[in-house]
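What follows is a short report on a single structure.
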C-alpha cells in the first residue's frame, strides 16, 4: 500500500539521500575507459566467464546424488539446543534456524531460537545465556566466532557442543562449521556479470563488513576473480561497505547507499550483495529509475528474490545453496558430537547452483513451485536421507 508523505517528509528524504551522495562521491573511483579495451581480450574474458557461470546454471537443472555419510548414531532424546542466527530479519539466516527448530523436535530435542539481531553484543549475550541455562548444544548461524569469543570459550569449557553454519573459519578452529565453497559463490556471480555485460562491466559490490563469510567468502571470490588479469579487462569495480545495524534504514541502509553510489558513479551497471540485502537494493534502484540500467547478482536464491528475477526486475541471477540442507547437516553434527563422535565435514557434499530467468523458465512445474516457496532444496530429498540416518525415516 502506498504511503502519502507530507512535503516536509519528502524534503527530509531528499536531504538524507543527498547527504549520502555527497559522502559517497568522495569515495567514488575514476572510471576506466572501457571502450579502449582490446576486443579480442574482452571476447576471451567473456568466453571464460560464460563457461564458469554456465557450469553452475546447468547444475541447477539436474538431480543430485548423496555423497555424505552413510550412518549416524541414534539421537539422544531430551537434548536442549539453542540456535543463534545472525538475525532473523535476514531470510538467509531465518531459513536454517526455522528448519532446525522444526526438525529437532522430531528427534525429541528442545530447541530455542535466540535472535542475534545483527548485533555482536546481542549474539554474545545469547551465547552466554545458553551457557547459563546449561544447554547441551548451540548452533551459531552466520555468527562471527571472533566477535563472541568470551562466551564461546565459556561454552566450550562447560562442555557445550558448538557447531556453526556459514562461518567459513572458526576461532578456535576446533569448532566444526557446515559450509560449501563460499569463494566459488562469489566467483560465479562475477563470472555471470562479466558474461552478461559482454565484458563491459561496472560492478558495485555491496559488502557487508560485519559478516566474515561475506568479506572472506562471497566478496573475496568476486573481487579476486575480477582482479585477476585477463578476467575482466577494463572493468570498473566499486565496493561499498554497509553495516547490519542499518539493514532496514531507508536513508542510510544498503538500498540508499546503492542508489547514492550509482548516482555518484554512472559507469556502474551491475550490483552484487546477498539476497536479503539485494532485495532491498533492487527495490531501491527500481524506485530510483535504474531498473533498465543496473542488473543485480545475489546469493541465496530466496523466494522473494526469485520473484524479481522471473519478473525481469533489477536482479538477474542468484547463487543457490540448499540452506535447509546445511541446517540438517548442522543437526547431524550436533548428533554426532553429543554421542562422542567427531563432526563430519560436509563441505564437498553440499550442491550449489546458479539460477537466472532462462533457467528458471526451464524447470519442471513441481521443482519450480518448490523453489518459489522454499528456496532451492538441492534437487535431492536430503530430509529423507538424514531422517533415515537418524532412524526416524
Report summary line: Quick calc, residue 348 & residue 149: beta-carbon distance into FRET formula, R0 30 Å, rounding 0.05, result 0.55
Requested in this report: Determine, for 290, 344, 274, the number of other Cβ atoms within 10 Å of each Cβ, and report the residues in order from fewest to most.
Outcome: 344, 290, 274
Report task. Specify the angular offset, from 0 to 90 degrees and rounded to the nearest 10, of the alpha carbon long axis of helix 365-374 from the longest principal axis of the alpha carbons in the chain. Result -> 80 degrees
Report task. Could you tell me what percent of the DSSP beta bridges with both partners in the range 225-375 are antiparallel, to the nearest 5? Result -> 30 percent
Requested in this report: Return one number: the angle in degrees, 0 to 90 and rounded to the nearest 10, between the long axis of the Cα atoms of helix 254-264 and the longest principal axis of the Cα atoms of the chain.
Outcome: 20 degrees
Query raised in the report: To the nearest 10 degrees, how steep is helix 120-132 against the longest Cα principal axis of the chain, on a 0 to 90 scale?
Result: 0 degrees
Report summary line: Proxy exposure order for 210, 358 (fewest C-beta within 10 Å first) is 358, 210
Query raised in the report: (1) 146; (2) 162; (3) 187: which one is volume of the Cα convex hull per residue in Å³ as calculated from this entry?
Result: (1)
Query raised in the report: Is the shape of the range 171-256 rounded, prolate or oblate, going by the alpha carbon gyration tensor and its root eigenvalues a ≥ b ≥ c, with a/c under 1.5 for rounded and a/b larger than b/c for prolate?
Result: oblate
Report task. Would you mind telling me the antiparallel percentage of the DSSP bridges in the chain, rounded to 5? Result -> 10 percent
Requested in this report: Mind sorting 276, 359 by how few other Cβ atoms lie within 10 Å of their own Cβ, fewest first?
Outcome: 359, 276
Query raised in the report: Got a sec? Which residues in the range 260-303 would a label at residue 357 touch, if it sits 7 Å along Cα→Cβ and we count backbone N under 11 Å?
Result: 292
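Taken together, the values in this text are just the output of simple stated rules run on the coordinates, not laboratory data. Predicted model, so just to flag it, every value in this text is computed and none were measured. Please note: Cβ atoms are built from the backbone with ideal geometry, for glycine as well, and neighbour counts cover all protein chains shown.
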